[in-house]
């Protein structure tokens, strides 16, 4: 196993990275945008090789098959390419959002696996169909290469029943699969592994580790990771539950939904759009879904922006307390993703008042942004729990899982 292509398909996009697994370097990465069944006439592919200038291709992309073909053309381009032949690609790893209860780990893609992913589309209608389109397109263009599915939900399949079961009639779980699944699993797994290595170097064995991971970006979620396994997470049946997010409301009294439908005359689709796309930081602040814009507005005296930041940080702080209780303590709190990695003020406010748990950050260390380091400890010298900033790398985890699965299956590859 040498080269692994990682593919992440959205409904109208395709992100990719090509890894050399000998040293885990990225040979090339890129993004195809505005892929559309309507013709995709304004679509563009931005290809970024590690050693040559960027390539920008503006071409119609009516579907993901066309996008995959353009990606493979870019990877083998005579000037901007990084491989001479597609035969050099040994395997393809695909991000799949929802694996339901069927998948607790990454798997080699077979016709049966594709059928299972398709069945899970009912649980993730915005994501799984796009993931499937990307898999099938890549399989058509690289039919003799093993393909592996890596699931966002898989890491959270270790949660005990008390964490994933809702207080609804039990037959709703049995008949419809209504339960907490959790998402961002590849990110939580990756950063908890890095945090685990950090704690081991400080004398805390893996089987005793209590880690709280905070993935704070446009989408936000947290996980309680005990002895390397997820035992609870903030997102639920869908990614709408939990923390305040860029445009998602997070935790909400369910009685608000019929209230909105009655008072505002909304349909179920309109309420879903409202709570997923118009709420969260955007809805509270009235400014933006981007924390940088909201922070600037708050500094200028915008009270709604101030309220949005207060609510965001309070919910994170509340979940840290809950997960420390669930695990009987905490050895490390990890901040990752766009906000978590780059916003010292949000980090400070998220752990403010948690000194009783041994959590305390050093103001000077907190200003650091990780640059090539796997983890930065921003804890105060007298803290008993570490606060770590760890850049997430979901694509690398997908590549590692892909290489491992292919190796274990003894599947012939380039």
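The values are calculated or read from the model by the stated rules, or taken from the named source; none is laboratory data. Just so it is clear, the structure is predicted and the values come from calculations on it, not from any experiment. Using ideal geometry, Cβ is built from the backbone for each residue, glycine included, and neighbour counts are taken over all protein chains shown.
Could you tell me whether the range 6-13 includes any residue that is surrounded by fewer than 17 Cβ atoms within 10 Å (Cβ to Cβ) and modelled with pLDDT under 90? Yes, the range 6-13 has at least one match. When the range 202-229 is filtered for residues that are in contact with a strand residue (DSSP E or B) (Cβ under 7 Å, 6 or more places away or on another chain) and either over 24 Å from residue 339 (Cβ atoms) or not in a strand (DSSP E or B) (or both), only 226 remains. Starting from residues that are in contact with a strand residue (DSSP E or B) (Cβ under 6 Å, 6 or more places away or on another chain) and part of a helix (DSSP H, G or I), keep the ones in the range 140-170 and report whichever is surrounded by the fewest Cβ atoms within 10 Å (Cβ to Cβ). Selected residue: 158. Scanning the range 69-97 for residues that are under 22 Å from residue 394 (Cβ atoms) and touching a strand residue (DSSP E or B) at 6+ places or on another chain (Cβ under 7 Å) gives 71, 74, 75, 82, 89, 90, 91, 92, 93, 94, 95, 96.
Scan the range 242-251 and give yes if some residue there is out of contact with any strand residue (DSSP E or B) (no Cβ under 9 Å at 6 or more places or on another chain) and farther than 21 Å from residue 182 by Cα, otherwise no. Spell out the reasoning first.
Looking only at the range 242-251, we keep the residues that are out of contact with any strand residue (DSSP E or B) (no Cβ under 9 Å at 6 or more places or on another chain), and these are 247, 249, 251.
Pick out the ones that are also farther than 21 Å from residue 182 by Cα and you get none.
Within the range 242-251 (the criterion being out of contact with any strand residue (DSSP E or B) (no Cβ under 9 Å at 6 or more places or on another chain) and farther than 21 Å from residue 182 by Cα), the answer is no, since none of the residues qualifies.
Among the residues of the range 102-118, which ones are loosely packed, with under 14 Cβ neighbours inside 10 Å and part of a helix (DSSP H, G or I)? 111, 112, 115, 118 - these are the residues of the range 102-118 that are loosely packed, with under 14 Cβ neighbours inside 10 Å and part of a helix (DSSP H, G or I). In contact (Cβ under 8 Å) with a residue 60 or more places away in the chain, in a loop (DSSP other than H, G, I, E, B), surrounded by 14 or more Cβ atoms within 10 Å (Cβ to Cβ) and under 18 Å from the mean Cα position of the chain (by Cα), is that true of residue 248? No; evaluated as a whole, the condition is false for this residue. If you go through the range 306-344 and keep only what is surrounded by fewer than 23 Cβ atoms within 10 Å (Cβ to Cβ), touching a residue at least 40 places away in the same chain (Cβ under 8 Å), touching a helix residue (DSSP H, G or I) at 6+ places or on another chain (Cβ under 7 Å) and more than 19 Å from residue 250 (Cβ to Cβ), you end up with 324, 331. From the list 232, 269, the lone residue that is exposed (fewer than 13 other Cβ atoms within 10 Å of the Cβ) and either at pLDDT 95 or above or in a helix (DSSP H, G or I) (or both) is 269.
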